[in-house]
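These notes are about the structure you will find just below.
The values are calculated or read from the model by the stated rules, or taken from the named source; none is laboratory data. Since the model is a prediction, treat every value here as computed from it, not as a measurement. Note that we place each Cβ from the backbone using ideal geometry, even for glycine, and neighbour counts take in every protein chain shown. Surface areas here come from the heavy atoms of the whole protein model, side chains and all, with no ligands, DNA or RNA. Shrake-Rupley method; radii C 1.70, N 1.55, O 1.52, S 1.80 Å.
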Amino acid sequence: MARLLVKFQRYFRRKPIRFFMLIALYLTAGSLMFLHAGFTGEPRVSENQPSSSDGPSGRTELQYLGAPQLSRESRELPEPLTTARRYGSWFKIPSKDTPAARSSPGEYGGTWSRALKGRNVREKEEEKAKYIGCYVDNTLRRALRGVSFFDYKKMTLFRCQDNCAERGYLYAGLEFGAECYCGHKIQAINVSDSDCNMECKGEKNNICGGVNRLSIYRLELAQESARRYGSAIFRGCFRRPENVSVALLASRPMKNMSVDRCVDFCTGKEYPLAALAGSWCHCGFPTTLFTLHEREDEELCAQKCSGEEFESCGNAKYFIVYQTQVQDNRCMDRRFLTVRAKQLIALASFPGAGNTWARHLIELATGFYTGSYYFDGSLYNKGFKGERDHWRSGRTICIKTHESGQKEIEAFDAAILLIRNPYKALMAEFNRKYGGHIGFASHAHWKGKEWPEFVKNYAPWWATHTLDWLKFGKTVLVVHFEDLKRDLFVQLKRMVSLLDIAVLEDRLLCVEGQKDGNFKRSGLRKLEFDPYTPEMRQAISGYIRTVDSALKRRNLTGVPEDYYPR
């Protein structure tokens, strides 16, 4: 054997070219085999992709969203072709049971709310939906005439409500256990709740309408209604201002009046508001003469548009108002303080409590940059120019901080203390930590060891952060994140008053229309499971009670009721 190897080596020493050619052929053959395996592997097929015998159960939201209204008979014909699911970068090998692997943006949702059966109030991540009854529906004249989508495998109450709310509709209706319809108003008669008797395809013990029967929910948004008509946002029905020509600066009568025509007219005039008053279209800004704070019952504005069958155009006394895509620039200018601030004011919060959003609101309301105890390049790049200033520079209106030690707190002369529901604050911070300012943590992080460890370390900090600021802060203004969302004008006015800045109310009204900013997470991607274990909830409930007692000892309003799990 040894002699054979020696002969082999001598042969290739004499013929080196043949040796290198052999190596090249070996590598080429290996590469071709690798490429062949990559192209001929088994294709992955979505769990929702039907086979030739699947029939209607294989349909997905992607196929139906925004599709023409068809009769049930025609809908139940099997699809000849479907598109395979596209997976994101979260998972190397997506599995059938992975809730985050969805075929369309509208498919994020599920049983996070743990909804109760029937007509109980359903809790959501950012909004509520109230069951209002069972209604007749038919294929020729729909009760809800907005967007619709169907999923004959995974339809749930929350998923339907979430999709309708995200698109700005006031009502969400479920039919036949698997069909979801959205609309601005109900155009059908109410019938007995017993007629809605079909379970949802995606969750047992919850009712999703019946045969030609809709279970309808009213979507009660945490902020004012975000209903949309095309690119415009529905703001509501409002009483006619006393002096229309002063309150709304441009007006025009229109034949065949429609929402589209009025919105287009005001957009062309570069006004952020379009107010429909029968055959008249008015345009303008939110001002103290027309604040949009006192909404009226929509029935008062129910006069039909002359050029549009299913939309209301208001009348001479009550206006239907939409917000156009024109930006209200009255509150967009920002600069550094020209005179050094006399006192250092903290904008203090636990991480995930909405500090960045509050900074955005304060900058718009005052016209001055906010600073930070830290430096975050992504925030600087998004327009928070005060990030680069040293927090003691005196050029910014207030200073963001998450610190909670006595020494750090006593360095400030006053503070706005922003408090948020710990369940939501913890999830928001976990998403930021593992997904960035507007990203999301992966399913693997939620299900892995990271989440329990995070809750164990951060939940006690949520309580001690508030307790320390109440104890060591010199002047502390407590603002609940939930109150700021619910009543932005009043709460922002309180915050600005502590900053000792004179601000015109028109500017605050402008902020209401620009409130989201660049760091608002989309509501589309929500967990399909409750990440909190009973042990976690028990511990967090104890922290909530401790903070509630501390606030009340200072003669302040305790924590909002929704801090406690139901």
Whole number in Å², please: accessible area per residue of segment 272-325, 1.4 Å probe, ligands, DNA and RNA not counted.
-> 45
Using the structure shown, select from Lys474/Lys552; Lys185/Lys515; Lys385/Lys515; Lys433/Lys456 the pairs with a Cα to Cα distance greater than 20 angstrom.
-> Lys185/Lys515
Measure off 7 Å from each Cα along the Cα-to-Cβ vector at Val490 and Lys447, then give the distance between these two points in nanometres to one decimal.
-> 4.4
Mind giving me the nanometre distance, one decimal, between the label points for Val339 and Ala539, set 7 Å out from Cα along Cα→Cβ?
-> 5.0
Scan around Ile397 for amide H atoms under 5 Å from its own, H built in the peptide plane at 1.01 Å from N, and keep only partners 5 or more places away or cross-chain.
-> Tyr369, Thr370, Gly371
Residue by residue through segment 386-395, the couplings from Karplus 6.51 cos²θ - 1.76 cosθ + 1.60 with θ = phi - 60°, in Hz, x for Gly and Pro, are x, 4, 7, 6, 4, 5, 9, 5, x, 9
First measure r as the distance between the Cβ atoms of Thr464 and Glu296, then evaluate 1/(1 + (r/R0)^6) with R0 = 45 Å and state the FRET efficiency to the nearest 0.05.
-> 0.50
Which whole-number percent is the relative contact order of segment 249-362 (Cα, under 8 Å, 6+ apart)?
-> 26
May I ask you to evaluate 6.51 cos²θ - 1.76 cosθ + 1.60, the Karplus curve with θ = phi - 60°, for each residue of segment 325-332 and list the ³J(HN,Hα) values in order in whole Hz, giving x for glycine and proline?
-> 7, 6, 7, 7, 8, 5, 10, 8
Kindly give the semi-axes, whole Å and largest first, of the ellipsoid equivalent to segment 266-402, taking each as the square root of 5 times a Cα gyration tensor eigenvalue.
-> 42, 15, 13
